[in-house]
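Read the structure below first, then the notes.
The values are calculated or read from the model by the stated rules, or taken from the named source; none is laboratory data. Please read all numbers here as calculations on a predicted model, not as lab measurements. FYI the Cβ positions are ideal-geometry reconstructions off the backbone, even for glycines, and counts take in every protein chain you see.
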Ligand SMILES: Cc1cc2nc3c(=O)[nH]c(=O)nc-3n(C[C@H](O)[C@H](O)[C@H](O)COP(=O)(O)O)c2cc1C
């Protein structure tokens, strides 16, 4: 798969994107990913422009020749400032999410950027294509973090998105090893984006306690929560139980957001408050039982991918 059309578009060796994740994907993680031949993405959603600038400069210093981009969720205030800051720092690859692809695509393209947008259904993928987006990240509801309302699994989503659009499709949600990368490419995707797996690397900014909780987690440890507000897949903990109780009592979005308050995700994932913090993780947590370096992980993914491809046999 080296050099396929996604690799050519982004200038990367392997068609793998280390996902931009709030509180997790800072300079260290993105630079290590970029140095391993995949796309390193800084999760700008949790950063004010000044902090983003520091991370961008640091990532560039750690990876002078690597391919770096940023992820900007459009639901947060200040998205435009984040985009402007990244453009000033010479970033050329942008992945936008949680908003309309029409909002910033033309602006970014006019500045010579490559734009990807995250979608959870084929209709939105088509809208992205019409808006001039260069590639879509099609994310199934196995994924960690904020999620589409459609609850379409990656297995069902990818072929339906591939059928609808001509532009490259990146599969996301539930991809945790090289076998799953092979499966995504079999479904017609041009590459993958992996989030939860990259939380569990030495270079991610996740708190040690959060990483240890993921090591202990199994396939039943996450649930899609806050469905009446902004759906998010969480590791089950005390905060998750509080949300569930409120939901069972018929709480509306306002009540759910009031309980969420401000700073929950930071408290959980960066500061390691496993009880009261918001712990965003995907269904693939149960597969993860190590904490490698990014370089070690990428090497393992490629080996697993190659083994999987060799073991595919014709049905006679
Ligand atoms: C902790 C965490 C934070 C995330 N933050 C963002 C974000 O800021 N913007 C975004 O578009 N997606 C975000 N995501 C989703 C990832 O970019 C990615 O698409 C997803 O993790 C893929 O599914 P997986 O976790 O099963 O690999 C986040 C995911 C996690 C686990």
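Observations on the model:
- Condition check for residue 97: under 14 Å from the mean Cα position of the chain (by Cα), surrounded by fewer than 24 Cβ atoms within 10 Å (Cβ to Cβ) and within 24 Å of residue 231 (Cβ to Cβ): yes
- For the stretch 212-222, the set of residues classified as in contact with a helix residue (DSSP H, G or I) (Cβ under 7 Å, 6 or more places away or on another chain) and either at pLDDT below 95 or surrounded by 15 or more Cβ atoms within 10 Å (Cβ to Cβ) (or both) consists of 214, 217, 221, 222, listed by residue number.
- Residue 305 being in contact with a strand residue (DSSP E or B) (Cβ under 6 Å, 6 or more places away or on another chain) and either closer than 19 Å to residue 143 by Cα or modelled with pLDDT of 95 or more (or both): no
- Residue match in the stretch 12-23 (condition: surrounded by fewer than 21 Cβ atoms within 10 Å (Cβ to Cβ) and part of a helix (DSSP H, G or I)): no
- Residue selected from the stretch 270-306 under the condition under 16 Å from residue 24 (Cβ atoms) and in a helix (DSSP H, G or I), by the criterion farthest from the ligand (Cβ to nearest atom): 294
- Residue in the stretch 1-15 that is within 12 Å of the ligand (Cβ to nearest atom) and modelled with pLDDT of 95 or more present: no
- Residue 234 touching a helix residue (DSSP H, G or I) at 6+ places or on another chain (Cβ under 9 Å) and assigned to a strand (DSSP E or B): yes
- Any hit, the stretch 91-100, residues being touching a residue at least 12 places away in the same chain (Cβ under 8 Å), part of a helix (DSSP H, G or I), under 26 Å from residue 262 (Cβ atoms) and touching a strand residue (DSSP E or B) at 6+ places or on another chain (Cβ under 6 Å): no
Per-residue answers, yes or no, for (1) in contact (Cβ under 8 Å) with a residue 12 or more places away in the chain; (2) within 12 Å of the ligand (Cβ to nearest atom):
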{"site": "32", "(1), (2)": "yes, no"}
{"site": "37", "(1), (2)": "yes, no"}
{"site": "46", "(1), (2)": "yes, yes"}
{"site": "50", "(1), (2)": "no, no"}
{"site": "56", "(1), (2)": "yes, no"}
{"site": "60", "(1), (2)": "yes, no"}
{"site": "66", "(1), (2)": "yes, no"}
{"site": "70", "(1), (2)": "yes, yes"}
{"site": "79", "(1), (2)": "yes, yes"}
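- Qualifying residues in the stretch 24-40 (those that are farther than 14 Å from residue 298 by Cβ and under 12 Å from the mean Cα position of the chain (by Cα)) - the one surrounded by the fewest Cβ atoms within 10 Å (Cβ to Cβ): 24
- Among the candidates 208, 160, residue that is over 13 Å from the mean Cα position of the chain (by Cα), surrounded by fewer than 19 Cβ atoms within 10 Å (Cβ to Cβ), more than 9 Å from the ligand (Cβ to nearest atom) and free of Cβ contacts under 8 Å to residues at least 40 places away in the same chain: 160
- Only residues that are in contact (Cβ under 8 Å) with a residue 24 or more places away in the chain and either within 29 Å of residue 48 (Cα to Cα) or within 16 Å of the ligand (Cβ to nearest atom) (or both) were counted in the stretch 241-264, giving 5.
- Test set (1) surrounded by fewer than 21 Cβ atoms within 10 Å (Cβ to Cβ); (2) in contact (Cβ under 8 Å) with a residue 24 or more places away in the chain; (3) within 19 Å of the chain's Cα centre (by Cα); (4) more than 11 Å from the ligand (Cβ to nearest atom) - residue 83 fails condition number: (1)
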